[in-house]
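The values are calculated or read from the model by the stated rules, or taken from the named source; none is laboratory data. Keep in mind the model is a prediction, meaning the values are calculated, not measured. Glycine also receives a Cβ, built like all others from the backbone with ideal geometry; neighbour counts cover every protein chain displayed. Side chains are part of the model used for accessible areas, which takes the heavy atoms of the whole protein and leaves out ligands, DNA and RNA. Shrake-Rupley method; radii C 1.70, N 1.55, O 1.52, S 1.80 Å.
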Amino acid sequence: LKTMAVSRLLFDNVGHIKAYWPMLGVQLAQLSLAFGVDDLDGTVKLFREVLGFSLTEKIVTQADANFMIGAFLTCSNKAHDVSFIRQPVKGKFHHASFELGSWEKVLRAGDILSRNKTSIDIGPTRHGITRGETVYFFDPSGNRNEVFAGGYIHYPDKPTITWYDETLGPAIFYHDRK
């Protein structure tokens, strides 16, 4: 593991390494995470099969539609409750989301967050993914959170929406398409 981790830092031809906990076991997967691997697929499996979440939307690569780089999951009828993105920072989820009911309430939340000097990451803006209006912010522990409104109602039999990395701009931030 140490050799692979150092190789990935020094050489650009060492590919992505995944530690899939159902196949490696929890202890080896946890050790692997400390050496630069990730387990987005295992996280999605845990949330779906153990915790009962539904996969509402996913981001995959154009080159390999089986290589997931983002997952949006829900345990309700919201477009998502939590999002995980394959990223170089280990031990972090992308964000938790909280539905507020209207664009006016999202704007009001932005005002309250700003007034209280809360670190606002992005917004207010509109998403293509989940089709909602949003403000992203960081809580005092450094966790990224989202308040949003709009979007769609998710039902368990609704097919997962798939986004591709090459056309992701309008999916992430609808207006500036970046």
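Charge dipole of region 109-148 (Cα centre as origin; +1 on each Lys and Arg Cβ, -1 on each Asp and Glu Cβ, all else neutral): 40 debye, rounded to the nearest 20. Taking 155, 136, 164 and ordering them by how much accessible surface each has at a 1.4 Å probe, largest first, produces 155, 164, 136.
Relative contact order of region 70-165, taken over Cα pairs closer than 8 Å and 6 or more residues apart, is 26 percent.
Taking all protein chains together and rolling a 1.4 Å probe, residue 131 ends up with roughly 90 Å² accessible. Each of 63, 112, 83 was placed along the dipole of region 50-135 (beta-carbon charges, centred on the mean Cα), and the one lying farthest toward the positive end is 112.
For the cross-link pairs 58/158; 105/158; 45/105; 58/105; 58/78, the ones whose C-alpha atoms lie over 24 Å apart are 105/158; 45/105; 58/105. What FRET efficiency would be calculated for the residue pair residue 166, residue 112, taking the C-beta separation as r and a Förster radius of 35 Å, to the nearest 0.05? Approximately 0.40, to the nearest 0.05.
Approximating the spin labels as points 7 Å out from Cα along Cα→Cβ, the residue 50-to-residue 155 distance works out to 3.1 nm.
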